[in-house]
Amino acid sequence: MLLLQHDHVYTVGRTGSMSEINASPEFLLDLGISIYETDRGGQVTYHGPGQLIAYPIIDIRSLGGPLKYVRTLEQIIIKTLSDYNIKALTNAGFTGVWVSNKKIAAIGVKISRGIALHGISLNINPDLSYFEHIIPCGLLKAQITSMENVLDKQMDMDTVSYSLQYHLGKELGLTLIDSDPEELPTLD
């Protein structure tokens with residue numbers, strides 16, 4: 001699993017469209033936002049500083065298939081938020097996690113030969129104004145929130161990251177070991 005924060009970027013998933021970005025290229029350039037088309041599921045979303053990105057790279061064939069895997073990721077996020085006394089839930093018919101009808105986490109995965117790629121974005125302390133220039137996840141009237149907004153205080157990214165890792169390992173039956181990115185094997 002890779003855990004990281006991205007620079008300001010809008011990603012366009014397989015079912016997304018550039019028309020879901022409501023700003024000119026010049027405006028986005030001035031804001032320092034890049035745009036990338038990606039092969040993950042879902043539509044347009046924002047990634048940036050203050051948002052925890054988790055990319056589990058895992059064989060999901062023994063986990064019950066893609067839909068069960070996505071629903072398990074939602075539960076992992078809900079349990080992580082519960083550690084901070086945030087009551088979060090899923091929203092029937094939509095992927096992701098909500099707090100008081102505001103989306104706090106998005107999920108976008110790609111499954112290839114039973115291996116899941118891409119993953120979770122959890123809004124911890126991001127600048128939420130970057131969501132104003134897109135139709136996040138194709139939800140025209142979606143409101144976005146963060147742990148910082150809900151709790152009215154800046155959150156420690158590492159502490160939330162450890163909580164997410166704990167729940168991910170527990171729910172998926174995995175043992176997670178910290179590694180320096182430079183120690184990871186390369187794919188030749």
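Laid out as a table, the results:
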read-out	value
Which listed residue, of 12, 70, 97, is closer than 21 Å to residue 135 by Cα, within 13 Å of the chain's Cα centre (by Cα) and β-branched (Val, Ile, Thr)	97
Test: residue in the stretch 133-142 that is touching a Gly at 6+ places or on another chain (Cβ under 7 Å) and either over 28 Å from residue 21 (Cα atoms) or buried (at least 18 other Cβ atoms within 10 Å of the Cβ) (or both)	yes
Residue 103 being under 26 Å from residue 18 (Cβ atoms), of a type in the set (D, E, K, R) and under 15 Å from the mean Cα position of the chain (by Cα)	yes
Entirely in the stretch 62-130, the strands (runs of 3 or more DSSP E) that have 3 or more residues that are crowded, with 22+ Cβ neighbours inside 10 Å and at pLDDT 95 or above	102-112, 115-123
Pairs, first among the aromatic types (Phe, Trp, Tyr) in the stretch 142-167, second assigned to a helix (DSSP H, G or I) and surrounded by 18 or more Cβ atoms within 10 Å (Cβ to Cβ), C-beta under 9 Å, six or more apart	166/80
Residue ID - surrounded by the fewest Cβ atoms within 10 Å (Cβ to Cβ), chosen from residues in the stretch 1-35 that are under 28 Å from residue 174 (Cβ atoms) and not hydrophobic (A, V, I, L, M, F, W, C)	14
Count of the stretch 143-156 residues which are part of a helix (DSSP H, G or I) and either among the aromatic types (Phe, Trp, Tyr) or surrounded by 16 or more Cβ atoms within 10 Å (Cβ to Cβ) (or both)	4
Criterion violated by residue 163 - all others in (1) surrounded by fewer than 16 Cβ atoms within 10 Å (Cβ to Cβ); (2) hydroxyl-bearing (Ser, Thr, Tyr); (3) over 25 Å from residue 17 (Cβ atoms) satisfied	(1)
Residue list for the stretch 171-180, filter: free of Cβ contacts under 8 Å to residues at least 24 places away in the same chain and either farther than 14 Å from residue 2 by Cβ or assigned to a helix (DSSP H, G or I) (or both)	173, 175
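The values are calculated or read from the model by the stated rules, or taken from the named source; none is laboratory data. Owing to the predicted nature of the structure, the values given are computational and were not obtained by experimental measurement. Glycine also receives a Cβ, built like all others from the backbone with ideal geometry; neighbour counts cover every protein chain displayed.
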